[in-house]
Amino acid sequence: MVKAQLLVLAAAVSSTAAFSSSSMKMSLETDRRAFLNNVGTAAVASTGFLASPLVASAEVVVPEQFTDYDFPNDWGLTYNYEDDAAKVRKHMVVATGLGKGAKQMEDFGKNMKKEMVDFVSYYRRFPKVAGKPSFSTLYTSINVLAGHYTSYGYKYPLPEKRRKRLYQEYAEIDKSLKRGR
């Protein structure tokens, strides 16, 4: 967030300098060059601000992988979006944290993939739900986890880089669900 504020400040300063009277020179040629140089600097600074990801840069602590856990018995949908989204997110957090050799890891992965497919195929049909930020972020997370299962199978844990990205998305989903979005 501080990075974004500094970029906005830099853009404001450079655009102010581009239009200030102190940057006026004697010749017209120098004025055009100075103006274009200052405006170019402002454009680059503002483009850098718009292109930088704000949410994804948030630091999230990635917990250690575990092999001992309570296997859930609440698989499936209740057809209430808020409850189902929270449950799918909770199961995905467990799936993301499973380490090599975890008990019933393959069964968990199969149940998880079925629940994710059921969730997406049911809720994406409703425009009011599909437009929510929590749904779009959860959909992205589901694609990442389902892609891992498809490529590597259910027995292999997620790599650290993928786990970090998923935990960031889970935090964003949790915030959106708490706000009712």
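Values as computed for the structure displayed
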{"read-out": "Residue ranges of helices (runs of 4 or more DSSP H) in region 112-178 with at least 3 members under 12 Å from the mean Cα position of the chain (by Cα) and either at negative phi or among the polar types (S, T, N, Q) (or both)", "value": "133-152, 160-178"}
{"read-out": "Qualifying residues in region 60-111 (those that are among the small types (Gly, Ala, Ser) and more than 14 Å from Leu145 (Cα to Cα)) - the one farthest from the chain's Cα centre (by Cα)", "value": "Gly101"}
{"read-out": "Count of region 158-181 residues which are open to solvent by less than 30 Å² (accessible area, probe 1.4 Å) and of a type outside the set (Asp, Glu)", "value": "7"}
{"read-out": "Close pairs from region 96-118: first within 18 Å of Leu77 (Cβ to Cβ), partner assigned to a strand (DSSP E or B) and open to solvent by less than 60 Å² (accessible area, probe 1.4 Å), Cβ under 8 Å, at least 6 apart", "value": "Phe108/Leu98"}
{"read-out": "Region 139-162: number of residues that are among the basic types (Lys, Arg) and over 22 Å from Asp174 (Cβ atoms)", "value": "1"}
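The values are calculated or read from the model by the stated rules, or taken from the named source; none is laboratory data. No experiment lies behind these values; they were computed from the predicted model shown. A quick note on method: Cβ atoms are made from the backbone with ideal geometry, for glycine too, and the neighbour counts reach across all protein chains shown. Each accessible area value is taken on the protein alone, full model and side chains, heavy atoms only, with ligands, DNA and RNA left out. Shrake-Rupley method; radii C 1.70, N 1.55, O 1.52, S 1.80 Å.
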